[in-house]
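Worksheet: the structure to be examined is printed underneath.
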Amino acid sequence: MPRHREQFEFESIQLSNSDSRPVYQQLEDHLRHAIADRTLQPEDRVPSSRNLATAIGVSRNTVLAAYEQLISEGYLESVRGSGTRVAKMPPQAFEFAAATNATKPQLDSTGCLSALGQQLSEEAAWVPPVATKPKAFTPHLPAIEEFPLDVWNRFCNEQARWSTKHLMLGDPQGYLPLRESIAQYMAVSRGLSCTPEQVVITSGSQQAFTMVAQLLLNPGDAVWVEEPGNAPANRLLDIAGAQLVPVPLDSEGIDLSRVPKKTPKPKLICVTPGGQWPMGMTMSLNRRLELIATAQRHKSWIIEDDYNGEFRYTGRPHASLSSLDSSGRTIYMGTFSKMLFPAIRLGFLIVPADLAKVFSYSRFLQDRSSPQLVQMTLHRFIESGNFVKHIRRMRSLYAERQTTLFESLEKHLGEFIDVHQPESGMHLTVRGITKTAEKRLVAAAGRAGVEFHPVSIYSQSGDAQGMILGFAAFDKNTIQRTVRRWAQELHQ
Ligand SMILES: Cc1ncc(COP(=O)(O)O)c(C=O)c1O
């Protein structure tokens, strides 16, 4: 026997003045509900606007506005000569849910997060704001206004126009021709001999650390890290359950002789030998050899994070750890974020040949691969000689900018500040000559609108002193003007 269906009582629709929504939206919601829960069925007629307005005590325009909205959303249809009715195929329930979500009572979703989710939710305010126009001296920024955008766009258009290759998912390990050009470039620029099969394209260093943590670490494994160091990467290792061991630095880089005797053996040692982040020193050759020997003794991996290795201005270049390490325990990590521009989200790892497959599989599981079009464009950019040309140009520009910042700081703030000019990098890290001087410098920077990162945010203990000043993205005048403004505030 057919079930008697419940009729929708239009007259019983109740609209409230105390509801924050306008009356026509309340009416829309009543009708959407009725259609979604099938009290109003496909092709059921709805009252004329005049009749419904009278029945529920609202103006006819209110009913017309609600009907119009529901017609545009596909819940109702108007049929010539026979008024308005429920559509033959009204939207599905999930669309209805989206339309009414705004009116749902708010759930405390953060209370439902995993333990890690809750920790991350508390830290989420650390996500840096999106910089529309970078202000001096925000660190981490290359000179994007110097990037040859016309050349890049031309290559990008060529690839996009003449081929459909970039519309297909690519090799999770990365676009082979790009891996070939990276392997060739590494041989020339770092004396690092590797095959394209060892190169794994990543979405920048940060994502590379996710794979490293996933594939090389078990919970509880000790990881020795520079103190202060690459805090966001360290956080990923910590999330993987690693036991982080902060190792102090001196003018030659990481100082393994200061690791206490009973410290657990490292499974991984992470370093930035080309220009320590954030203190800026270059790791000496002796320290490099000592580090490799230590890793061999403990059977540990080394991560050589060479994030700014291209930007070396004085002194003899040191051989990369990866080229010095004959035991194959060093994994090289490169990024195009600094060499080209941060939004490129392309970097690479050079791993032992027998690990390439598992790195590639991990990438496949995470997000399949990096976008093909960007990889193809970068390959053209390198092959055409534009990459080397750009790096050379930036190297001499950054050298000038580094000197400008160093000299301006010495001239205007010299009596308050302890500053050295490192051999490489895209930032200077300065300290107040005393804690009081540093407090005054920080306060004056705030008043003068000078941007910087405090070293303390990159320190495990949180109490390291110092201010990190990026210079690469700022021209000579901006650098000089900003330091003068800072000094004026300080002397007020
Ligand atoms: C030490 C270090 N390595 C690498 C990077 C680059 O990270 P990504 O390649 O994810 O942009 C940064 C920050 O920009 C960094 O501070």
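Estimated from the Cβ-Cβ distance and a Förster radius of 22 angstrom, the FRET efficiency linking Phe10 and Met89 is about 0.50.
Computed from Cα atoms, the angle from the helix 149-162 axis to the main principal axis of the chain rounds to 60 degrees. Peptide packing: for 364-376, 49-61, the average count of neighbouring Cβ atoms within 10 Å per residue gives the ranking 364-376, 49-61, highest mean first. Each Lys or Arg adds one and each Asp or Glu takes one away; over the other residues whose Cβ falls under 10 Å from the Cβ of Asp221, this sums to +2. Between the residues Phe10, Ser49, Ala65, the greatest Cα displacement towards the positive end of the dipole of the range 10-103, with unit charges on the Cβ of Lys, Arg, Asp and Glu, is found for Ser49.
The alpha-carbon of Lys265 sits under 26 angstrom from the alpha-carbons of these lysines, leaving out residues fewer than 8 places away in its chain: Lys299. Cross-link partners for Lys133 among the aspartates and glutamates, with Cα-Cα distance under 20 Å and sequence neighbours closer than 8 places in the same chain left out: Glu145, Glu146, Glu451, Asp475.
The spacing between the range 407-434 and the range 167-193, judged by their C-alpha centroids, is 38 Å. Spacing of the modelled spin labels on Ile433 and Asn477, each 7 Å from Cα toward Cβ, amounts to 3.3 nm.
Averaged over residues, the count of other Cβ atoms within 10 Å places the peptides 158-165, 120-127, 428-435, 35-42 in the sequence 428-435, 35-42, 158-165, 120-127, highest first. When Tyr185, Tyr24, Tyr332 are compared by accessible area at a 1.4 angstrom probe, the order from most to least is Tyr24, Tyr185, Tyr332. Summing Lys and Arg as +1 and Asp and Glu as -1 over all other residues whose Cβ lies under 11 Å from the Cβ of Glu438 gives a net charge of +3.
Sequentially through the range 44-57, phi angles give Karplus couplings (6.51, -1.76, 1.60; θ = phi - 60°) of 5, 7, 10, x, 5, 4, 5, 4, 5, 4, 5, 5, 10, x Hz, Gly and Pro residues having no value and appearing as x. Note on Asp367 and Thr403: the model spin-label points, each 7 Å out from Cα along the C-beta direction, lie 4.0 nm apart. Taking all protein chains together and rolling a 1.4 Å probe, Cys194 ends up with roughly 20 Å² accessible. Taking every C-alpha pair closer than 8 Å and separated by at least 6 residues, the mean separation divided by the residue count of the range 10-103 gives a relative contact order of 31 percent. Which links in Lys135/Lys435; Lys411/Lys435; Lys389/Lys476; Lys261/Lys338 stretch past 28 Å when you go from one Cα to the other? Long pairs (Cα-Cα over 28 Å): Lys261/Lys338. Counting Cα-Cα pairs of the chain in 20 Å increments starting at 0 gives whole-percent bin shares of 19, 39, 23, 16, 2.
Since only Gln243, Gly309, Ser322 are under comparison, the one whose Cα sits farthest along the positive direction of the charge dipole of the range 148-388, derived from C-beta charges on Lys, Arg, Asp and Glu, is Gln243.
In the chain, helices alone account for a calculated mean residue ellipticity at 222 nm of -13000 deg cm²/dmol, with every DSSP H run of four or more residues adding -39,500 (n - 2.57).
Subtracting the Cα-Cα distance of Asp354 and Asn51 from their residue separation scaled by 0.36 nm leaves 101.4 nm. Annotation: for a label point projected 7 angstrom from Cα along Cα→Cβ of His491, residues of the range 446-474 with backbone N closer than 16 Å are 448. In this structure the amide hydrogen of Asp418, modeled in the peptide plane, comes within under 5 Å of the amide hydrogens of Arg431, Gly432, Ile433, none closer than 5 places in sequence on its chain. Neighbours of Ala242 by Cβ distance under 10 Å: Lys/Arg scored +1, Asp/Glu scored -1, total -1.
From most to least packed by mean Cβ count within 10 Å, the peptides 478-486, 353-361 give 478-486, 353-361. Could you calculate the FRET efficiency of His420 with Lys165 from 1/(1 + (r/R0)^6), where r is the beta carbon distance between them and R0 is 35 Å, rounded to 0.05? E between His420 and Lys165, to the nearest 0.05, is 0.15. Specify the inter-centroid distance of the range 264-286 and the range 107-142, based on alpha-carbon positions, in whole Å. Value for the Cα centre distance between the two parts: 26 Å.
Computed about the Cα centre, the dipole magnitude for the range 311-454 is approximately 280 debye when only Lys and Arg (+1) and Asp and Glu (-1) carry charge, each at its Cβ. Here the contact order of the chain, divided by its residue count and restricted to Cα pairs under 8 Å and six or more residues apart, works out to 17 percent.
About its Cα centre, the dipole of the chain is roughly 640 debye, where the only charges are +1 on Lys and Arg Cβ and -1 on Asp and Glu Cβ. Between Arg392 and Gln184, the FRET efficiency from the beta-carbon distance, with R0 = 25 Å, is close to 0.90.
Over the range 80-214, one equal point on each Cα, no solvent: what is log10 I(q)/I(0) by the Debye formula at q = 0.09, 0.10, 0.15 Å⁻¹? Those come out to -0.66, -0.78, -1.16, one per q. Of the residues His166, His491, His390, His30, ranked by 1.4 Å probe accessible area with the largest first, the sequence reads His491, His30, His166, His390.
The amide H of Leu244, built 1.01 Å from its N in the peptide plane, has Val223 as neighbours under 5 Å, considering only residues 5 or more places off or on other chains. The 3J(HN,Hα) values that the Karplus relation (6.51, -1.76, 1.60; θ = phi - 60°) gives for the range 395-407 are, in residue order, 4, 6, 5, 5, 4, 5, 5, 4, 5, 4, 5, 4, 5 Hz. Gly and Pro appear as x.
With the simple model of a label 7 Å out from the Cα in the direction of the Cβ, Glu43 to Asn157 spans 5.5 nm.
The values are calculated or read from the model by the stated rules, or taken from the named source; none is laboratory data. Not measured: the values here are computed from a predicted model. No Cβ is skipped: glycine too gets one built from the backbone with ideal geometry, and neighbour counts run over all protein chains shown. SASA here: full protein model, heavy atoms, side chains in, ligands and nucleic acids out. Shrake-Rupley method; radii C 1.70, N 1.55, O 1.52, S 1.80 Å.
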